Amino acid sequence: MRPGRHHPLLLAAGLLAAAALALLWALVAGDMPLGFAEVSAALAGGGGMAADIIRELRLPRAVAAFACGGLLATAGALMQVLLRNPLADPYILGISGGAAVGALGAITLGAATVWIDASAFAGALAAMLVVFGLAHGDGSWTQTRLLLTGVIVAAGCGAAVSLMLALAPDTRVMSMLFWMMGDASAAARPWPALVVLALALVVVMPFARDLNVLARGELSARALGVRVGHLRVALYVLASLLTATSVTLVGSVGFVGLVVPHLVRLVLGNDQRVLIPAAALAGGTLLTLADTAARTVIAPQQLPVGVLTALIGVPVFLFLLSRGSRISR
């Protein structure tokens, strides 16, 4: 079957079913295995230890992983079509690093939670402005200049994070390491991130047709009446917000924003009206599965979810890269 020929209703049903199964697995799996009946009773408001485990521990963590996976995949899909560059994603372009620098700086200063969130967003936005400002060059962005600038900014952010870790008081080092490894276990307030993801999709979908035109080239988009400048600025800011929200909640998680849009595009084609919501669902499902595996594979010890996404993302991306090379030949 050619990409893009899947029936939309079947596609939506399949992705929603996969997301539901991933969330269900996250609720039943763990040191204390639970059954479907206990999950249903807990979600219906029942009492007892099993209900407390589900409502207080597993459900917030599963929702956080799902929301952050969706946020990163949506940000990656937006940046790849805006830049017409398949390597663009918040992690490689240094935006995740900028958000981590902002958040860690706020933690170092002992700021309140709301300022940590605001600093993460400011850091992500600052990193994006630096990358695109330095890469603009002679009046237009080039893929090579953009990627190289992003890699350098990401390296600089990594160095800044290491410096802050070295200088931070011992009492704050553990909370700062949270941002470095990507870990959903401390995500106590996942619902705002889920709301941000839903609102982002509501905002983006009316522009999906413009993104389809922009994917064919900036000149074509301008000729067809797309306000390219305004569209880019708005969606770059939105991508920063999505990245900052994700990093604020679970720390720095790589490869979700890079690999998931690739996989979805491989199956469904490059129609942004389908790709963006499908990437959000697939990204959320992937990170939920990865987080559940991270806390169950070698239980009771838990792995940082960012480690698992890297272990999954690197071989998948190399496979996609080699496949693209064969196709191009």
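The values are calculated or read from the model by the stated rules, or taken from the named source; none is laboratory data. In this text, all values refer to a predicted model and were calculated from it rather than measured experimentally. Here the Cβ is made from the backbone with ideal geometry for all residues, glycine too, and neighbour counts use every protein chain on show. When the accessible area is computed, the model is the full protein with side chains, heavy atoms only, and any ligands, DNA or RNA have been set aside. Shrake-Rupley method; radii C 1.70, N 1.55, O 1.52, S 1.80 Å.
At a glance:
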item	result
Prolate/oblate/rounded call for region 50-128, Cα gyration tensor, a/c under 1.5 rounded	oblate
Length gained when the stretch TRP25-VAL228 is fully extended (0.36 nm per residue, less Cα-Cα span)	68.8 nm
Within the chain: Cβ-based charge dipole about Cα centre, in debye rounded to nearest 20 (Lys, Arg +1; Asp, Glu -1)	1140
Solvent accessible area, Å² - THR171, 1.4 Å probe, full protein context	120
Under the span-like rule (Cα at least 27 Å along the axis, Kyte-Doolittle mean at least 1.0), DSSP H helices of the chain	8-28, 59-83, 113-135, 143-167, 228-250, 305-328
Helix-only CD estimate at 222 nm, as mean residue ellipticity for the chain, using -39500 (n - 2.57) per DSSP H run (n ≥ 4)	-24500 deg cm²/dmol
Region 208-228 versus region 250-329: alpha-carbon centroid distance in Å	28
Largest-first ordering by accessible area, 1.4 Å probe, given options ASP117, ASP31	ASP31, ASP117
Per-residue SASA entry for MET49, accessible area with 1.4 Å probe, Å² rounded to 10	120
Solvent accessible area, Å² - LEU308, 1.4 Å probe, full protein context	30
Most mobile listed residue (MET180, MET128, MET32) in the chain, GNM with C-alpha springs under 10 Å	MET32
All-pairs Cα distance distribution in region 203-329, expressed in whole percent, bin size 10 Å	11, 33, 34, 17, 4, 1
Of all accessible heavy-atom area on the chain, the percent that carbon and sulfur account for (1.4 Å)	70
Dipole axis of region 1-82 (+1 Lys, Arg; -1 Asp, Glu on Cβ), positive-most option in LEU9, GLY47, MET32	LEU9
P(r) of region 43-200 over all Cα-Cα pairs, binned every 10 Å from zero, in whole percent	10, 33, 32, 18, 6, 1, 0
For the chain: span of alpha carbons on each principal axis (Å, largest first)	63, 53, 35
Estimated D of region 114-264 in µm² per second, where Rh is the Kirkwood radius over Cα pairs and Stokes-Einstein applies at 37 °C, 0.692 mPa s	187
Listed residues LEU104, LEU24, LEU125, most fluctuating in the chain (Gaussian network, C-alpha, under 10 Å)	LEU24
